[in-house]
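Down below is the structure, laid out as structure tokens.
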Amino acid sequence: MPLSIDRIPADFGRWDEVLALIMHAFAFMDGVIDPPSSAHLLTPDTLHDKARRETGFVALDGDRIVGCVFAQERADDLYVGKLAVAPDCQGQGIGRRLMQSVEILALDRGKAALELQTRIELTANHVAFARLGFHETGRTAHEGYARPTSITMRKALS
């Protein structure tokens, strides 16, 4: 069965699987980024709440959830978060396809751009997002940090 990208429906009930995917995909960050990833604060219930406020997409390989992404609508753009692809499926274009779904959503909603944040330490992510058309627009620090901890990246849509 070919890979499909589906918008998360209101009656979605597989939050345990989405949480497991995010935790597995983000595990490489443990001990690399400071402060630790906010993914550690997620639960099935908080993911369900997130999906009520934001638009989520899942990548399905048959019945297996192999990717996800969430997009929060803001005045001028969509903020992209929790993009995750199963480690054994990375490099197959799944992240690109998830981001294309978010881009289509943004265009459908009349938004001019996509924005996201990636951690300073995750240089491979900076390169991957640049390949998707994002460029750095700023750096921010988490509360209590004097140094930048995140890079803000933006992609203008046409």
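Scanning the range 52-67 for residues that are over 13 Å from residue 4 (Cβ atoms) and buried (at least 18 other Cβ atoms within 10 Å of the Cβ) returns 54, 55, 56. If the condition is being charged (D, E, K, R) and touching a strand residue (DSSP E or B) at 6+ places or on another chain (Cβ under 9 Å), then the range 1-32 contributes 6, 7, 14, 17.
Return the pair list, or none, for Cβ contacts closer than 8 Å from residues in the range 126-151 that are on the phi < 0 side of the Ramachandran plot to residues that are open to solvent by 60 Å² or more (accessible area, probe 1.4 Å) and in a helix (DSSP H, G or I), at least 6 apart or on different chains. Once the first residue is on the phi < 0 side of the Ramachandran plot and sits in the range 126-151, its partners that are open to solvent by 60 Å² or more (accessible area, probe 1.4 Å) and in a helix (DSSP H, G or I) give 132/96. Scanning the range 105-126 for residues that are of a type in the set (Val, Ile, Thr) and either within 19 Å of residue 38 (Cβ to Cβ) or modelled with pLDDT under 95 (or both) returns 118, 120.
Pairing each residue of the range 18-29 that is of a type outside the set (A, V, I, L, M) with any residue that is assigned to a helix (DSSP H, G or I) and surrounded by fewer than 20 Cβ atoms within 10 Å (Cβ to Cβ), provided the two are 6+ apart or on different chains, yields C-beta distances under 8 Å for 24/87; 26/39; 28/87.
So which residues in the range 102-135 are within 17 Å of residue 156 (Cβ to Cβ), open to solvent by 40 Å² or more (accessible area, probe 1.4 Å) and in a helix (DSSP H, G or I), if there are any at all? Once the filter is applied, which keeps residues that are within 17 Å of residue 156 (Cβ to Cβ), open to solvent by 40 Å² or more (accessible area, probe 1.4 Å) and in a helix (DSSP H, G or I), the range 102-135 yields 103, 104, 107, 108, 130, 131.
Take the residues of the range 37-64 that are under 13 Å from the mean Cα position of the chain (by Cα) and in a helix (DSSP H, G or I): which is nearest to residue 104 (Cα to Cα)?
Top of the filtered list is 51.
Against the numbered list (1) surrounded by fewer than 13 Cβ atoms within 10 Å (Cβ to Cβ); (2) within 22 Å of residue 38 (Cβ to Cβ), residue 98 comes up short only at (1). When the range 21-51 is filtered for residues that are under 19 Å from residue 8 (Cα atoms) and open to solvent by 60 Å² or more (accessible area, probe 1.4 Å), the ones remaining, listed by number, are 23, 45, 49. Restricting 138, 81, 67 to residues that are more than 17 Å from the chain's Cα centre (by Cα) and in a strand (DSSP E or B) narrows the list to 138.
The values are calculated or read from the model by the stated rules, or taken from the named source; none is laboratory data. If you're wondering where the values come from, they're calculated on a predicted model, not measured in any experiment. Glycine gets a Cβ as well: all are built from the backbone with ideal geometry, and neighbour counts include every protein chain shown. The accessibility values were calculated without ligands, DNA or RNA, using every heavy atom of the protein model including side chains. Shrake-Rupley method; radii C 1.70, N 1.55, O 1.52, S 1.80 Å.
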